[in-house]
1. Counting pairwise Cα distances across the chain, what percent come out greater than 14 angstrom?
2. For every other residue with a beta carbon closer than 14 angstrom to the beta carbon of Arg29, add +1 if it is Lys or Arg and -1 if Asp or Glu, then tell me the sum.
3. Net charge within 12 Å of Asn3 by Cβ-Cβ distance, Lys/Arg positive one each and Asp/Glu negative one each, not counting Asn3 itself?
4. With runs of 4+ DSSP H residues as the only contributors, calculate the mean residue ellipticity of the chain at 222 nm using -39,500 (n - 2.57) per run, divided by the residue total and rounded to the nearest 500.
Amino acid sequence: MDNAFVFHSHGDDFDTDDLDLVRRHFPGRHVTLDGDTITVWPRPRETR
């Protein structure tokens, strides 16, 4: 998925608090939660 940034949990599923935290970190982007995966669209550009 080149056009999205994907977070995978290596334990328990993410919860709505995790989703809210990611949404605050990436304002203006579409952020979804699906159990152990949080996806951010579009992928943030890398800064150098």
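1. Tail of the P(r) past 14 Å holds 47 percent of the pairs.
2. Overall, the nearby charge balance is +3.
3. Computed value for this residue: +2.
4. -6000 deg cm²/dmol
All of the numbers you see were taken from the coordinates with simple rules; none came from a lab. Since we're looking at a predicted model, the values are computed, not measured. All Cβ positions, glycine included, derive from the backbone under ideal geometry; neighbour counts span all protein chains shown.
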